[in-house]
Amino acid sequence: MRAETIAAISTPAGEGAIALVRIAGVNAIPIADDIFRGAQSPSQFTSDTQHLGEIVENGSVIDQVVLSVHRAPNSYTGEDLVEISCHGGVLVTAKVLDVCLRAGARAARPGEFTQRAYLNGKIDLTQAEAVIDVIRAHSDLALRSATEQLAGKLGEEFRALHRELIETLAHVEARMDFPEEGISPDDDAAVRSRLEKLRGRIDQLSATAQTGRVLREGVRVVIFGATNAGKSSLLNRMLGIERAIVSDTHGTTRDTIEERVNLRGVALRLFDTAGLRPPENAIEREGMDRTHRSLALADLRLHIADGNTTRPGDFATDDNELLVLNKSDLPEHEDWKATAAIRISCKTGDGIAELEEAIFQQIGGAKLAAESSRAINARHAAELRRAGEAIERALATLDAGGTPEMFAVDLREAQHAFDELLGATDDEAIRDAIFSQFCIGK
């Protein structure tokens, strides 16, 4: 696969000032020589310098461009890499790419440039995953976490655990293979101490899985309550735009609306839901079913009620909810006077700052800010869980008086989990699943 030369547009589709077309592989520079006309041929360029010229085909000029050559191994992919900065029109960018393909390159698959960087040893698998996290970051905290992972900090933690496990396994196998050779491998107590420390460090990393999910996906905040309580008005107020239709007519919102907002560096996924009341038809019933499904998946619920009306007799909240009384610009009904709640007015904006502070505190925003530099993803969590369970079995065997041959099996299972975590196996399915999430050209 890596013998082929690939090309792709690396900037988003649409119009812009500049677009970037990349060519990577053994024939990247010869292809550039064929299609570029300037003061020098690309093969004569000093690496990492930019040169003005034209992309031509059959003597016809396609576009005026700036072209740079990055020679192996000092390029993003570790191969010869050519970058063409052309004008950012949809048609002209497509034509520049077509010229590259007709000159001998193959269209790159999604994530193939980063996959080649990984296969050529330029980055490890956790850094490759961080590339897509940087691209998809919706908040300052998510971006900070992704850039630190891209720098290799998380991968180094995984490798340190891997080394400790291998060292422990080496002591165990030395006792099995060379019992009479006079070497001094760790006894059971020392092995147990090593494994307990290793398990503790795995548990600490595993505990960041929820933080990782929040940073990558955002906090799911569901706004719910009775009809006409102001759910859509609250969504619009928090977004700062008129996103949802607002009306005095009951049942205006029939479907769930999702939007994102950045709250002090934390991405919130806000869900405006259908109002809760006895459904009058099948459409309302489906809307309320969707409301209940959203509530089941919520990280935080905003239970909004109309403070100007009577409190329902069956009204209740739980620990994962913030009670929000809307319409504070109107007289509050006596039923709500003794109720602890955040009082707001979606009409005037009063209380919105206090609500945002309460949300930030409820979701642990300060804790997220402190811990966000180290946050694993779902794949990491699965492999760490597998390794931790194997180590737990090895410890149980040790406690039961088992022989080194017995608990070495579990330690090898833990080692295999770390091998897959770091991409040190030949499992192409894992790598394909990771790189298929990328856009073409990255």
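The values are calculated or read from the model by the stated rules, or taken from the named source; none is laboratory data. This one's a predicted model, so the numbers in the text were calculated from it and none came from an experiment. FYI the Cβ positions are ideal-geometry reconstructions off the backbone, even for glycines, and counts take in every protein chain you see.
Values as computed for the structure displayed
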quantity	calculated
Only one of 75, 68 that is buried (at least 18 other Cβ atoms within 10 Å of the Cβ) and without any contact (Cβ under 8 Å) to a residue 40 or more places away in the chain	68
Looking only at the range 200-219, and only at residues there that are surrounded by fewer than 19 Cβ atoms within 10 Å (Cβ to Cβ) and basic (Lys, Arg), the one that is nearest to residue 262 (Cα to Cα)	213
Scope the range 78-123; condition among the acidic types (Asp, Glu) and either surrounded by fewer than 18 Cβ atoms within 10 Å (Cβ to Cβ) or in a helix (DSSP H, G or I) (or both); matching residues	98, 112
Selected residue (criterion: modelled with the lowest pLDDT) from residues of the range 330-372 that are in a loop (DSSP other than H, G, I, E, B), in contact with a helix residue (DSSP H, G or I) (Cβ under 7 Å, 6 or more places away or on another chain) and buried (at least 18 other Cβ atoms within 10 Å of the Cβ)	372
Residue in the range 35-46 that is assigned to a loop (DSSP other than H, G, I, E, B), surrounded by fewer than 17 Cβ atoms within 10 Å (Cβ to Cβ), of a type in the set (A, V, I, L, M, F, W, C) and free of Cβ contacts under 8 Å to residues at least 40 places away in the same chain present	yes
Count of the range 124-137 residues which are touching a Phe, Trp or Tyr at 6+ places or on another chain (Cβ under 9 Å) and buried (at least 19 other Cβ atoms within 10 Å of the Cβ)	7
Selection count, the range 277-308, where residues are at pLDDT 85 or above and either on the phi > 0 side of the Ramachandran plot or of a type in the set (Asp, Glu) (or both)	2
Tally of residues being within 26 Å of residue 118 (Cα to Cα) and in contact with a helix residue (DSSP H, G or I) (Cβ under 7 Å, 6 or more places away or on another chain) across the range 59-106	13
Test result for residue 175, over 27 Å from residue 387 (Cα atoms) and surrounded by fewer than 22 Cβ atoms within 10 Å (Cβ to Cβ)	no
Extreme residue, nearest to residue 375 (Cα to Cα), among residues of the range 172-204 that are of a type in the set (Asp, Glu) and at pLDDT 85 or above	203
Close pairs from the range 138-162: first surrounded by 17 or more Cβ atoms within 10 Å (Cβ to Cβ), partner among the aliphatic types (A, V, I, L, M) and assigned to a loop (DSSP other than H, G, I, E, B), Cβ under 6 Å, at least 6 apart	143/137; 145/375; 146/137; 158/422
In the range 411-442, residue nearest to the chain's Cα centre (by Cα) [restricted to those that are in a helix (DSSP H, G or I) and modelled with pLDDT under 70]	434
